1. Could you derive backbone 3J(HN,Hα) for the stretch 101-107 from the dihedral phi with the Karplus parameters 6.51, -1.76 and 1.60 (θ = phi - 60°), listing whole Hz in sequence and x where the residue is Gly or Pro?
2. Name the residues whose placed amide hydrogens come within less than 5 Å of the amide hydrogen of L124, ignoring near sequence neighbours (fewer than 5 apart) on the same chain.
3. Which percent, nearest 5, of DSSP beta bridges in the chain are antiparallel?
4. Using θ = phi - 60° and the Karplus curve 6.51 cos²θ - 1.76 cosθ + 1.60, what whole-Hz ³J(HN,Hα) does each residue of the stretch 109-118 get, with Gly and Pro shown as x?
5. Report the far tail of the P(r) of the stretch 48-156, meaning the percent of Cα-Cα pairs longer than 20 Å.
6. Would you look at the GNM of the chain, springs on alpha carbons closer than 10 Å, and say which of D160, D87, D262 moves the most?
7. Kirkwood hydrodynamic radius, the chain, all distinct C-alpha pairs: what's the number in Å?
8. If amide H atoms are built 1.01 Å from N in the plane of the peptide, which residues on other chains or at least 5 residues away come under 5 Å of the amide H of S244?
Amino acid sequence: MFSALRRSASWLVLGFFCSFSTLANTPEPGAIASAQARHIATVFPGRMTGTPAEMLAVEYVHQQFLKWGYKSNTRLFPASYLYSRRDGEKYKQHVTGSMAIAMHKGSSPQQIIIMAHVDTYAPLSDNDCDKNLGGLSLQGIDDNASGVGVMLELAERFKDTPTRYSIRFIATSGEEEGMLGAQDILQRMPLSERKNTLLVINLDSLITGERLYFNNGKNTPVAVRKLTRDRALSIAHQHGIAASTNPELNPRFPHATGCCNDADVFDNAGIPILSVEAADWTRGNKDDAQKRARNKALPKGESWHSVQYDNVPHLDKWLPGQIEARSRDVVRIMLPLVRELAKAG
């Protein structure tokens, strides 16, 4: 069965190479990211950790890295999560997740990690299934094909650019079950690599939110915040892009810090982070869960994990042009920022 899936992945990759070849030459920022995000969301729906769709999506990302000349590999990791039945019984689901990792080698041993989770939400209860949350039909264009698309565009654009610091690109998985892939990455990092990791940039859910947010971790030094978050906001404002940072309207989340994504794993380990997301920290519980004003298209003001809302046709209908516009805005900010941070030559 797995060999058949691999053959399917090869055809999918080859088919996209042909249709994508002319687009890859365009100078328009974000065009590559939005095309990649649409492809991943529509060709690989239901990318739950440990499923065939997740493995195929990771293999696709891996093949993209190889196509651009990167040294890339895929990594398997064990994962488990609890599922709650309607009768109150709980049981543990054991799965094997997969990730794709590529390295852009710099002239020094220090590195910057740019990551985005490829997996979509796996239902954690019968109640989730009743609400049509997660599962095999969830495209996850916002959460998080959008982040993977931007990561891939950055990888494509930096493939021939010499840098002082290395850039490691990682398509993580297991994020929806508790940042399990990110934990595996951290656990396998020797102490020397941890010390040489200058920054982890996490790209997550970039489409649905009202505006872009750039947040650091609770343990990110002030000097690094100025070089990352403050610089990102400055670039955004130069381009007239709406961007902000967590205003600390909820005391649980200190000013300019993010919440609840893969970056938290590295923040807790004392590694500087920069979280990039689209949200609205002024609404709802002021915790980034509500992404915009409630309306007919998004009754709760968000599309989290919803088969009904987090898909390409729905967002194209109710937020026309948003996938392309937001991809463009993120790339317009991240390209010069990463160039500065990695000391591109």
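Since every read-out is calculated from the coordinates, none of them should be taken as a lab result. Quick caveat, the model's predicted, so the values are computed rather than measured. For neighbour counting, all protein chains shown are included, and Cβ atoms are generated from backbone atoms with ideal geometry for every residue, glycine included.
1. Per residue, the Karplus-derived 3J(HN,Hα) values read 9, 10, 10, 9, 6, x, 8 Hz.
2. Those qualifying (amide H under 5 Å, at least 5 residues apart or on another chain) number zero.
3. The antiparallel proportion sits near 55 percent.
4. Coupling constants for the stretch 109-118: x, 7, 9, 10, 9, 10, 9, 7, 7, 8 Hz.
5. Counting pairs separated by more than 20 Å, the tail of P(r) holds 49 percent.
6. Among D160, D87, D262, the largest mean-square fluctuation in the Gaussian network model of the chain belongs to D87.
7. Here the Kirkwood hydrodynamic radius works out to 20.0 Å.
8. L212, Y213, F214
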